[in-house]
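To start, the structure under review is shown below, and the notes come after it.
What follows is calculated from the coordinates using simple rules that are stated; it is not laboratory data. These figures come from a predicted structure and were not determined experimentally. Heads up, the Cβs are rebuilt from the backbone with ideal geometry, glycines too, and the neighbour counts pull from every protein chain shown.
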2 protein chains.
Amino acid sequence: MSKAAKTSEQILRAAEKLFSEKGFEATSLREITQSADVNLASVNYHFGSKKGLIQAVVERYQRVFMPALSAELKRLEDQGNVSTEGIVQCFVGPLAALEQVCAGGAEIYLKLLGYGYSEIQGHLRKFTMQRFGDVVQHAFRLFQTANPSFATETLFWRLHFALGTVLFAQVSARALIEIAKADFADPNPEAYMMQRLLAYVAAGISAPEATFLSTTRSKVV
Amino acid sequence: MSKAAKTSEQILRAAEKLFSEKGFEATSLREITQSADVNLASVNYHFGSKKGLIQAVVERYQRVFMPALSAELKRLEDQGNVSTEGIVQCFVGPLAALEQVCAGGAEIYLKLLGYGYSEIQGHLRKFTMQRFGDVVQHAFRLFQTANPSFATETLFWRLHFALGTVLFAQVSARALIEIAKADFADPNPEAYMMQRLLAYVAAGISAPEATFLSTTRSKVV
DNA sequence: GTCATATTCAAACACCTGTTTAAAACAAGG
DNA sequence: CCTTGTTTTAAACAGGTGTTTGAATATGAC
C-alpha cells in the first residue's frame, strides 16, 4: 500500500468513527487528524476540503450498501410474494454487509445518514438520489406493489417517516440502550433493536389508509 | 413592560426562530442578538450563558404544552375507551395551543425538541423528565392500558421510535413538503402532515407484538 | 435631585474553526 | 546520483465562537 493510500485510509477510518459519534459539524478536522495520527493539512491535500471528506466517508458505505440492497430487492421480486415486511427485511442483510467496511459498519452508516439528513440539509439526499436513484425507486415500486391500494402520496410520506424513524433511532440508540439496560435489566437490548425497529416501521407503512385521516380532517388545519 | 423584560423577550423571540431553523449549535449568539436588535452581551447578562438561553427557550414551550397534554390525557382517561389512536390524538390540541406562544409554535417546539435530542445528548431528556416526568409517565401508563398485552419493554422501544418519527419528520418537514408539492401537485401538504404522521405512529406503536420478532430472531446477530 | 441599582454598550479576551503556504522529506525513474 | 513529482510538515491565516470587562447609561425609590 502506498504511503498516500495509507494516510487517506487512516483519515477515513478516524473520520467515520468521529462523524458517527458526534455528527459532521461537531467534529473538527483537528480531532480527526489527531485521532488518525496524521498532519492537519493532509485532509485538504487528499480530500480537498472537509466537505470532500464527508462525501468520501459516506460514499464508501453507499457503494457497499446500495448494490447489496438492489440485489436483495431483485431477489424478493423474483420470488413473488412481495410484502411490506418482506421489503423491510431486505435492508437487514445489506446493513450487515457493512461490517466488511469496518466493525460496527451498519451502525456507523445509519448514523452518518442521520446526521447527513439533519445537518447538511438536502445535500446528502440529492447526492444519494443522483448516484443511487434507481435503487431507491426500485424499493419504492416494490412498496407500491405490496400496498397497491395506497395513493402514491401516502406511500411517499410513510416511507420518509420510516426513514426518519430508523435514522433517529440509530442516532439516539446508545442513550436508549443504556436506559433499556437500566430499566428493564435487559442484558442485550441492542441485539433485537433493529428487528423491533423494522416491525414498528413495517406496521406504520402498511397502516390502513385514510380512515383515521378522513374522520379528523375537518378538525385540524 | 420594563426594559429588561423587553430585551429578554426580544432575545427569546429571535432565538426560538433561529434555533428552530438551524438547530442550537449552528446558531450563534451574534446572529441572535443582531436579529433581536440587541447588544451581544445582553444574552449572558439575562440568561447567564447560551445554554441558559436554550433552556429558557424550550421551557417556555414546555410550560404551555405539558399541562395541556396532562389535561387531555386526564380527559381521555375519564371518558374510558383508551386507545392508542386516542392517546396519540391527545397531542394534537396541546401542540395547537403553542400558537399562543408564537405563530407556528407547534412546528418550532417540535423542531427544538428534535435538535435538542440529537445535539445536546441527553440534557434535554433529563431536563424534561425531572420537570414533567409525571406527565410523561401518565402517557406511558395510558399506552399500557391501551395495549395491555405488550411487554413494558416493547412499549418503551416503540414510544421512543414514535418520538423519533415525529421529531425527525418535523425537522425535515420543510424539505419533505417541498418535494411533495413538486412531485404530487399537492397544493397544501402541510395541512395533513401531522395527521398522516399520527396515523403512522399509532399503527407502529400498536403493531402485533413479537410474531415478526420471534420468527427472525435467530437470524440476526 | 440624589443615590443605588439595573441594564446597556463597545471592546477585548481566549480559543476554536477550515484553509493555505512554503519549505522539507520522501519516492521512483532515467 | 540526480532529478522530478508526490507527499508530509509546521506555521500562519482570516474569520468565527461564547464569554468577560469596565465604563456609560438608564431606571426607580427616597
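Here is how the numbers come out for the structure above:
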quantity	calculated
For A:VAL92: the one exception among (1) surrounded by 15 or more Cβ atoms within 10 Å (Cβ to Cβ); (2) within 16 Å of DNA strand C (Cβ to nearest atom)	(2)
Selection from region A:128-184 of residues that are crowded, with 19+ Cβ neighbours inside 10 Å, outside any helix (DSSP H, G or I) and small (Gly, Ala, Ser)	A:SER172
Among (1) crowded, with 16+ Cβ neighbours inside 10 Å; (2) free of Cβ contacts under 8 Å to residues at least 60 places away in the same chain; (3) away from DNA strand C (no atom under 13 Å from the Cβ) - the single one B:SER8 does not satisfy	(3)
Scope region A:19-48; condition of a type in the set (A, V, I, L, M), farther than 19 Å from A:HIS123 by Cβ and in a helix (DSSP H, G or I); matching residues	A:ILE32, A:ALA36, A:ALA41
Near pairs, Cβ below 9 angstrom, 6+ apart or cross-chain, from region B:14-27 (at negative phi and in contact (Cβ under 8 Å) with a residue 60 or more places away in the chain) to any residue that is among the polar types (S, T, N, Q) and assigned to a helix (DSSP H, G or I)	B:LYS17/B:SER35
Any chance A:ARG158 is basic (Lys, Arg) and at the interface with chain B (Cβ under 7 Å from one of its Cβ atoms)	yes
Subset of region B:171-191 that is in contact with a Phe, Trp or Tyr (Cβ under 9 Å, 6 or more places away or on another chain) and not acidic (Asp, Glu) - its residue that is nearest to B:GLY105 (Cα to Cα)	B:VAL171
Helices (runs of 4 or more DSSP H) completely within region A:49-117 that count 1 or more residues being of a type in the set (D, E, K, R) and more than 18 Å from A:LEU159 (Cα to Cα)	A:50-78
Scan of region A:14-62 for residues that are hydrophobic (A, V, I, L, M, F, W, C) and more than 25 Å from B:GLY116 (Cα to Cα), ordered by number	A:ALA14, A:ALA36, A:VAL38, A:LEU40, A:ALA41, A:VAL43, A:PHE47, A:LEU53, A:ALA56, A:VAL57
Hey, A:GLU77 away from DNA strand D (no atom under 16 Å from the Cβ), under 25 Å from the mean Cα position of the chain (by Cα), over 23 Å from A:SER118 (Cβ atoms) and within 14 Å of chain B (Cβ to nearest Cβ) or not	no
Matching entry among A:GLN62, A:GLN100 (being in contact (Cβ under 8 Å) with a residue 24 or more places away in the chain, away from DNA strand C (no atom under 11 Å from the Cβ), crowded, with 17+ Cβ neighbours inside 10 Å and on the phi < 0 side of the Ramachandran plot)	A:GLN62
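Listed here are the residues, each with its yes/no results for (1) within 13 Å of another protein chain (Cβ to nearest Cβ); (2) under 20 Å from B:SER20 (Cβ atoms); (3) away from DNA strand D (no atom under 16 Å from the Cβ); (4) in contact with a helix residue (DSSP H, G or I) (Cβ under 9 Å, 6 or more places away or on another chain).
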{"position": "B:VAL43", "(1), (2), (3), (4)": "no, yes, no, yes"}
{"position": "B:GLY48", "(1), (2), (3), (4)": "no, no, no, no"}
{"position": "B:GLY52", "(1), (2), (3), (4)": "no, yes, no, yes"}
{"position": "B:GLN62", "(1), (2), (3), (4)": "no, yes, yes, yes"}
{"position": "B:VAL101", "(1), (2), (3), (4)": "no, yes, yes, yes"}
{"position": "B:GLY104", "(1), (2), (3), (4)": "yes, yes, yes, yes"}
{"position": "B:GLU107", "(1), (2), (3), (4)": "yes, yes, yes, yes"}
